[in-house]
Amino acid sequence: MLDQALKNVSVIGAAGKMGSGISLLLLQEMTRLEIADNPAGKIPDATLNLVDRNQNVLKGLLSYLKPQMVRYAEKNIVALRANLSSRTDLVDNAEIIEEYVNRALLIANPTSNSKDTKDSKLIFEAVFEKLELKEQVLSGLADICSPETLFFTNTSSIPISVVEKAAKLEGRLIGYHFYNPPAVQRLVEVITSPTTPDSFKKLSDEIGKRLNKVLVPANDIAGFIGNGHFIRDGLYGINQMEKLSGELGQDKSVLIINKVTQDFMIRPMGIFQLIDYVGLDVVQMILETMDRYIENETLNSQFIQDMLQAGIFGGQFSDGSQKDGFFQYQKNFPVSVFDLNRKTYVPISESLNSECDKYLGELAPEFLPWKVLSRDRNKDKKMKAYFTTLFQQNSKGAELAKAYLMNSRKISENLVEGGIAESAEDVSKVLSNGFYHLYGPENSLF
Amino acid sequence: MKALRKKVYVAAGYNTMFFGPGRKEFHPKKPMRAFEDYLNETFQGTCDQLVNTDFDEGVFTNFAAMRFIRQGNLPGFLPYLSKSLKGKSCTRVEGACGSGGLGIAAAVKTILSELADSVLVVGGEIQNSMKSVYGADVLSAAGYYKGDRKDGHAYFFPGVFSDRAGTYGSVYDKDLMRQGMAKWYELAVTSSRKNPKSQEHHNSVEDLFGLGMTPPNGKIFMDHLNLFDCSKVSDGASSLVVASEEGLKKLGVELEDAIEISGFASAEGDITEKPADPTVLDITKIAAEKALLMAGITISDLAMLELHDCFSIAALIALETIGFAKKGKGAEFLLEGNTKVSGKIPTNMSGGLCGFGHPVGVSGVRQMVDLLHQLTDKAEQQVAYKNPFGMMVCMGGDDKTVSVFVTRKNQS
């Protein structure tokens, strides 16, 4: 059934940051299937509609997809050769790869006409996360497509049951929250609603496997697991930073909390760099959504709003380089930090760095950076040694890190208690696959 | 086999760095040295050892410049390097990975024919101009393209030698074979660490044997070979001079700085045929026997060896085929340390194809340069030899184009 469904698929918002990655994953799998089923085929059976309102960005999408498809074919050359073994005209790897890419380009249909989706069996929607927009787009598609068409929405925080109801897609919509960039990040949070039939859930599981994703089920509560943890973790970081600001100044406090979260906690990047990566505007949007749907908890940050007011947005350029946010970057490495009071970036000089390091105190002797540990087979043992020492230390850095780690653990416990995550393991899975953490909030390390 | 009708010498050898994955400075997306750059360096290296640099003829050895860098008509690079060769006879020799050995053999024959007293031999190859998935297409031409490429492995030659290892492991002790191959990798890297020009020079892995023991996995690579069993993808060049005694005098080379070719043989197999017994290298056997006979010695007279280890299994089988180890005992021979610098037959002291690198059409020339350095006591990892003989085996394709040389230290 899935193979049949993968004959005609559409991606909506295909040229966007998330849409282009989702398009790539689907195109890879659909082309692979097409070649396996029909090695001799000149005109492919399958169609992947790449729908975006903007014609110009669609051209950009193709120029992104083509080299990516070449790379996929190069990597999967052994399987492709096997699938094309009956084609005596294709001998060299180069010929096999060319065939795959040409076939993919015939399967891909970049279009700004949403009516092209009418025969699609599956639709992946990845438009900007605004309920009204999602409602408008999805209900429009529901009118165009057959009642059997199934929908996946790349939604990171709005409850799926709300979208489903608004778009009149009860039982036909699953939340499929990819992480950025979708072609690289293996995590997909899957959110079903009480109306989702089991057959659809099963299909969604199969697609995840085909796209080589790690699926983690999340309950339909705004923010789900990933943003449920990230947003609260980030708010805590902002809060701690503001507490230090009076004594140390805001710029230094940002740097200090960023160092605590990156170095002392052995994460791939500090919390403020992560907020920059996601985009302050996106964080604000998620905050608003979560605040709107979650009762008994206030989720907002005046600081983020003030930053946005000052024109600081973060996020990335289309080439993946980082825009200015809490930090300014050179080659994705922070080189200056924003001072909101003075509305200016302060260079992260050696003296500023060493002042912060002096304040924080020394890292435990067992410390190894995330980059080193992430490739180490014995990382658990090494992290255990590090955290054991950290929890015996009482430097300012150690105290801040311990409190931060305990807060992260509390967030995780609340996600499980609140039924958003099925288990602490699922929270860990999300943080390791979606955020590249080397350990879960609940662990045996500390 | 008749002895050589006159004395033929090799002198003024030079190897450039062999560049590619493994070197710290290697980055596939950064600009790399050009073909001409390697050629100029090696030629200069050879000339620096000569008083006069007038050559009578030239031989260029290369396998696949036509595809890797779209350059044909390679003899034209010899007068580009040496103005003395303008208007003289220059030849390009191609026998896949056996090109280097075959080129030296051509030069030796030219000296024997008395048409020339000195022949400049230059090997040059660029392979990092394309990703290995496409490079495999190019290199597969060393096999029988029409008959075997389509059904061959995507990476072709690792597949060919993986099949040999598969058969070997089913006939003899498979675990021991794996240990022997791991030992080969360990020795190749250990020797490379002493050779600053080698591709594995920067390899700082502590447990090389353990790495070599990585179980092969057909799903990600080969059924019977792991990545450490394979030689490198390399750019590089080597050069030397083949000369008569008269030629050496003209070039201003002292006899003690040259070595003598005391026996050689090139042997060819039918490229369309599969090996009758994959645990043996038939053509290598023939070439080695002929060369030894011509030199009038046996393998027990040899003090050192240069083997064509395009894959560790090829080296292991070659050791048995030539007679250093009994059939099925090659791994034990290696594990006992017989090929180490202090062993019975020190082998590939500069790292071999697995460690130094394997710019395919250059390797034979590189092997001869290293024998020259050993027998003139200029090697980085010098063997303390008693007997004055060394031997090199250069193989093209799956034991198809094989050249073997027995060389001798000059007694001054």
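Test each condition in (1) crowded, with 18+ Cβ neighbours inside 10 Å; (2) of a type outside the set (Val, Ile, Thr); (3) more than 27 Å from residue A:127 (Cβ to Cβ); (4) more than 10 Å from every other protein chain (Cβ to nearest Cβ) for residue A:39 and report the one that comes out false.
Residue A:39 satisfies all of (1) crowded, with 18+ Cβ neighbours inside 10 Å; (2) of a type outside the set (Val, Ile, Thr); (3) more than 27 Å from residue A:127 (Cβ to Cβ); (4) more than 10 Å from every other protein chain (Cβ to nearest Cβ) except (1).
Looking at (1) more than 14 Å from chain A (Cβ to nearest Cβ); (2) touching a residue at least 24 places away in the same chain (Cβ under 8 Å); (3) farther than 21 Å from residue B:398 by Cα; (4) not basic (Lys, Arg), which is the one condition that is false for residue B:168?
(3)
Pick from the stretch A:301-354 the residues that are at pLDDT 95 or above and touching a Ser or Thr at 6+ places or on another chain (Cβ under 8 Å): which of them is surrounded by the most Cβ atoms within 10 Å (Cβ to Cβ)?
Of everything passing the filter in the stretch A:301-354, A:327 is surrounded by the most Cβ atoms within 10 Å (Cβ to Cβ).
Residue A:135 passes all but one of (1) within 14 Å of chain B (Cβ to nearest Cβ); (2) assigned to a helix (DSSP H, G or I); (3) surrounded by 14 or more Cβ atoms within 10 Å (Cβ to Cβ); which number fails?
Condition not satisfied by residue A:135: (1).
Among the residues of the stretch A:68-87 satisfying the criterion of being of a type in the set (Lys, Arg) and either farther than 18 Å from residue A:211 by Cα or assigned to a loop (DSSP other than H, G, I, E, B) (or both), which is nearest to the other protein chains (Cβ to nearest Cβ)?
Residues of the stretch A:68-87 of a type in the set (Lys, Arg): A:71, A:75, A:81, A:87.
Then keep just the ones that are either farther than 18 Å from residue A:211 by Cα or assigned to a loop (DSSP other than H, G, I, E, B) (or both); that gives A:81, A:87.
Working: A:81: 5, A:87: 9 Å.
Per the criteria, the residue is A:81.
Return yes or no: is residue B:123 touching a strand residue (DSSP E or B) at 6+ places or on another chain (Cβ under 6 Å) and part of a helix (DSSP H, G or I)?
No; evaluated as a whole, the condition is false for this residue.
Go through the stretch B:57-100 and give me each residue that's in contact (Cβ under 8 Å) with a residue 60 or more places away in the chain, of a type in the set (A, V, I, L, M) and either touching a Phe, Trp or Tyr at 6+ places or on another chain (Cβ under 9 Å) or assigned to a helix (DSSP H, G or I) (or both).
B:65, B:69, B:96
Can you find even one residue in the stretch A:17-26 that is over 30 Å from residue B:220 (Cβ atoms) and touching a residue at least 24 places away in the same chain (Cβ under 8 Å)?
yes
Test residue B:99 against the criterion of being surrounded by 24 or more Cβ atoms within 10 Å (Cβ to Cβ), under 18 Å from residue B:365 (Cβ atoms) and among the polar types (S, T, N, Q), and give yes or no. Step through it out loud before you land on a result.
Values: surrounded by 24 or more Cβ atoms within 10 Å (Cβ to Cβ): yes; under 18 Å from residue B:365 (Cβ atoms): yes; among the polar types (S, T, N, Q): yes.
In short, yes.
Can you tell which of A:90, A:33, A:48, A:65 is buried (at least 19 other Cβ atoms within 10 Å of the Cβ) and within 14 Å of another protein chain (Cβ to nearest Cβ)?
Of the residues listed, the single one that is buried (at least 19 other Cβ atoms within 10 Å of the Cβ) and within 14 Å of another protein chain (Cβ to nearest Cβ) is A:90.
In the stretch A:292-314, which residues are in a loop (DSSP other than H, G, I, E, B) and closer than 18 Å to residue A:344 by Cβ?
Just the residues of the stretch A:292-314 that are in a loop (DSSP other than H, G, I, E, B), to begin with: A:294-301, A:310-314.
Result: A:310, A:311, A:312, A:313, A:314.
Checking the conditions here, which among A:444, A:374, A:354 is small (Gly, Ala, Ser), more than 25 Å from the chain's Cα centre (by Cα) and closer than 30 Å to residue A:190 by Cβ? Before the answer, list the steps.
On the way: A:374 fails: more than 25 Å from the chain's Cα centre (by Cα); A:354 fails: closer than 30 Å to residue A:190 by Cβ.
Criteria check complete, one pass: A:444.
For the subset of the stretch B:144-155 comprising residues that are touching a residue at least 12 places away in the same chain (Cβ under 8 Å) and in contact with a Leu (Cβ under 9 Å, 6 or more places away or on another chain), which member is farthest from the other protein chains (Cβ to nearest Cβ)?
B:155
For the stretch B:355-365, state whether one or more residues are modelled with pLDDT of 95 or more, out of contact with any Ser or Thr (no Cβ under 6 Å at 6 or more places or on another chain), over 29 Å from residue B:139 (Cα atoms) and of a type outside the set (S, T, N, Q).
Checking the stretch B:355-365: not a single residue is modelled with pLDDT of 95 or more, out of contact with any Ser or Thr (no Cβ under 6 Å at 6 or more places or on another chain), over 29 Å from residue B:139 (Cα atoms) and of a type outside the set (S, T, N, Q).
Condition first: in a strand (DSSP E or B) and more than 20 Å from residue B:351 (Cα to Cα). Now tell me which residues in the stretch B:6-34 satisfy that. Step through it out loud before you land on a result.
The initial filter retains those residues of the stretch B:6-34 that are in a strand (DSSP E or B), namely B:9-15, B:19.
Listed by number, the residues that qualify are B:9, B:10, B:11, B:12.
Step by step: first the residues of the stretch B:40-56, then only those that are in contact with a helix residue (DSSP H, G or I) (Cβ under 6 Å, 6 or more places away or on another chain) and within 18 Å of residue B:90 (Cα to Cα), then the one that is surrounded by the fewest Cβ atoms within 10 Å (Cβ to Cβ). Which residue is that?
Ranking the qualifying residues of the stretch B:40-56, first place goes to B:54.
Out of (1) assigned to a helix (DSSP H, G or I); (2) within 11 Å of chain A (Cβ to nearest Cβ); (3) buried (at least 20 other Cβ atoms within 10 Å of the Cβ), the odd one out for residue B:141 is which?
Evaluating residue B:141 over (1) assigned to a helix (DSSP H, G or I); (2) within 11 Å of chain A (Cβ to nearest Cβ); (3) buried (at least 20 other Cβ atoms within 10 Å of the Cβ) leaves (3) as the failure.
Out of curiosity, is residue A:76 over 30 Å from residue A:113 (Cβ atoms), touching an Asp or Glu at 6+ places or on another chain (Cβ under 6 Å) and assigned by TED's automatic domain parsing to the domain that holds residue A:127?
Here the answer is no, as residue A:76 does not meet what is asked.
Applying the selection to the stretch B:32-57, what residues are within 21 Å of the chain's Cα centre (by Cα) and closer than 25 Å to residue B:112 by Cα?
Passing the criteria: B:43, B:46.
Taking into account only those residues within the stretch B:260-280 that are hydrophobic (A, V, I, L, M, F, W, C) and over 21 Å from residue B:94 (Cβ atoms), which is surrounded by the fewest Cβ atoms within 10 Å (Cβ to Cβ)?
Start the filter on the stretch B:260-280 by keeping residues that are hydrophobic (A, V, I, L, M, F, W, C), which leaves B:261, B:264-265, B:267, B:271, B:276, B:280.
Pick out the ones that are also over 21 Å from residue B:94 (Cβ atoms) and you get B:261, B:276, B:280.
Working: B:261: 25, B:276: 7, B:280: 18.
If we take residues in the stretch B:260-280 being hydrophobic (A, V, I, L, M, F, W, C) and over 21 Å from residue B:94 (Cβ atoms), then B:276 is surrounded by the fewest Cβ atoms within 10 Å (Cβ to Cβ).
When the residues of the stretch A:93-111 are filtered to those that are away from every other protein chain (no Cβ under 12 Å) and without any contact (Cβ under 8 Å) to a residue 60 or more places away in the chain, which remaining residue is nearest to residue A:12 (Cα to Cα)?
A:105
Just for the stretch A:6-19: of the residues that are at pLDDT 95 or above and outside any strand (DSSP E or B), which one is farthest from residue A:124 (Cα to Cα)?
A:7
If we keep just the residues of the stretch B:325-368 that are of a type in the set (S, T, N, Q) and over 20 Å from residue B:231 (Cβ atoms), which is nearest to the chain's Cα centre (by Cα)?
B:338
Which one of the conditions (1) of a type outside the set (Val, Ile, Thr); (2) in a helix (DSSP H, G or I); (3) closer than 17 Å to residue A:110 by Cβ; (4) modelled with pLDDT of 95 or more does residue A:63 fail to meet, given that it meets all the rest?
For residue A:63, the exception is condition (4).
The values are calculated or read from the model by the stated rules, or taken from the named source; none is laboratory data. None of these values were measured; they are calculated from a predicted model. Neighbour counts are summed over all protein chains in view; Cβ atoms, including those assigned to glycine, are modelled from backbone coordinates with ideal geometry.
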